[in-house]
Every structure is written in structure tokens, then in C-alpha cells.
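The values are calculated or read from the model by the stated rules, or taken from the named source; none is laboratory data. Note that the structure is predicted; figures quoted are calculated from it, not measured. Glycine gets a Cβ as well: all are built from the backbone with ideal geometry, and neighbour counts include every protein chain shown. Note: accessible area is taken over every heavy atom of the protein model, side chains too, but ligands, DNA and RNA are not part of it. Shrake-Rupley method; radii C 1.70, N 1.55, O 1.52, S 1.80 Å.
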Amino acid sequence: VAAASAIAVWKDPANGLTFVVNGHHRYERAVAHGRKAMNCIYVEAPNAKEARAQGALLNMMEGRGTAVDAAKFLRDSGKTIDDMQEFGVSLEGKVTADAIVLRGLSDGLFDKVAREQIDVDTALAIGRHLPDHGMQEQLASYLSKEHDKGKSYTTKVIEQMAKEMAETPTHTAHEHTLFGDFENEESLFGVKNELKTYVHNEMAKVANTFK
């Protein structure tokens, strides 16, 4: 079996447990189909952070790399996009741009992206316009609560929300944004930004018509 079909694993020296660091989906499919054994490549790393970085790098070297893999490598290794070329990894423009945005997410928000608990496009919409980690978490929490109520927002609306939060001064004493803490069920923050996005789109259509 080719090495590319093997999964990469890491044995934690602290407890002796083995963890998958590359090939999670292949491992899950194998378990679902009742396979008792798989080809494995053991990576040597002193800790989980370095093991994750090596796993992400392997995935990219196999041609399966995504912006999330690139961001994992950048965050866990401290390397740059240019450093990846030393390992023979060349990323497309969009993948590179998205990886840089994902690298700037808070630890909590990126962890949810890596675990596929939050959509990558949603995380990009937040991180692209909102550099403050606390506000990133606040907006992600609001969106999660709205989702639990059955309400979802388009990427453009989420981007508008992030832009507004970034442009709105905060109250230093209490560290709350001027439009509230989103705990209030009657909050119109989401509706307001849906309306803003709609108006912007309509204005763009009118401008194009005049052109």
C-alpha cells in the first residue's frame, strides 16, 4: 500500500496514547466499515502542538491540504507561508489568503473550525473583518445561539456584523460593545445587519444600472 494511503499518528510520551494527526476521515471511514487495521506512519514530536503541525504539513504534501491545514501548520509551528515552500508545498492564492485569516482567529474559535463545529466560511467572515479575539468569540457565540433558535445568516451578513463590531468603539469600563452583549432575546443586531446588507446590495445594483 502506498504511503499516501496511510494515516499519520503520534504517540503521546506523557500517557502512551496514540492519536491520529493526519487522515482523520480515512480513519473514521475505516472504523465505520469495521476494518481492524490500517497502515500508519508514526511522527516524532515532543508535544501535541508539534504533532498537529506535522500532520497538517503531511496532508498538504499529499495534495489534500486545505486552508485549515495551512493555518494549523502556521499556528502550531510558528512558520510562515514562505517557509512552506521549503517543504515542497505550494498553495493557491485563495488557500493562502484564507489560511492567513484563519491563523488570526482566537484559539477557541480556531479549535471549533478544526473540529468542524463551525463552518469555515463563517469563521473567515468573522476573522477577515474582526481582528479582536474577544469580539470574535462574542460574535461566534451570538451566531451559535441564533442557530440554535433556527436562525442562520449568509456570509455577507456575517461580514457586515463583523465590520460593524470592528468599527464600533467599546465601553472600556465594562468591555461591552455599544450594541449590547447579545444576551437579550429582543436584540435586533442580526436583523439590522441583514437590512444593511440588503440595502448595500440594492445600491450596488442601482449604481451598476447607472453605469
Residues that are open to solvent by less than 50 Å² (accessible area, probe 1.4 Å), under 14 Å from G104 (Cα atoms), of a type outside the set (D, E, K, R) and not in a helix (DSSP H, G or I): does the stretch 135-152 have at least one?
no
Within the stretch 109-133, how many residues are under 22 Å from G78 (Cα atoms) and open to solvent by 30 Å² or more (accessible area, probe 1.4 Å)?
9
Condition check: open to solvent by less than 70 Å² (accessible area, probe 1.4 Å), of a type in the set (S, T, N, Q) and under 25 Å from A6 (Cβ atoms). Does T80 satisfy that?
no
Scan of the stretch 83-101 for residues that are surrounded by fewer than 21 Cβ atoms within 10 Å (Cβ to Cβ) and either of a type in the set (F, W, Y) or modelled with pLDDT of 80 or more (or both), ordered by number
F87, K94, V95, T96, A97, I100, V101
Which condition breaks for L105 when tested against (1) free of Cβ contacts under 8 Å to residues at least 12 places away in the same chain; (2) within 30 Å of D132 (Cβ to Cβ); (3) assigned to a loop (DSSP other than H, G, I, E, B); (4) open to solvent by less than 60 Å² (accessible area, probe 1.4 Å)?
(1)
Restrict the check to the stretch 63-71 and report whether at least one residue is within 18 Å of the chain's Cα centre (by Cα) and more than 30 Å from S141 (Cα to Cα).
yes
Would you check if G65 is on the phi > 0 side of the Ramachandran plot and not hydroxyl-bearing (S, T, Y)?
no
Those strands (runs of 3 or more DSSP E) lying entirely in the stretch 5-51 with at least 3 residues open to solvent by less than 90 Å² (accessible area, probe 1.4 Å):
7-11, 18-22
With the first residue restricted to the stretch 126-148 and required to be modelled with pLDDT of 90 or more, and the second required to be open to solvent by 60 Å² or more (accessible area, probe 1.4 Å), Cβ contacts under 7 Å at 6 or more apart or on different chains are H129/K163
List the pairs whose first member sits in the stretch 32-50 and is farther than 16 Å from G16 by Cβ, whose second member is not in a helix (DSSP H, G or I), and whose Cβ atoms are under 7 Å apart, counting only residues at least 6 apart or on separate chains?
M38/I7; N39/V1; N39/A6; I41/A6; I41/A8
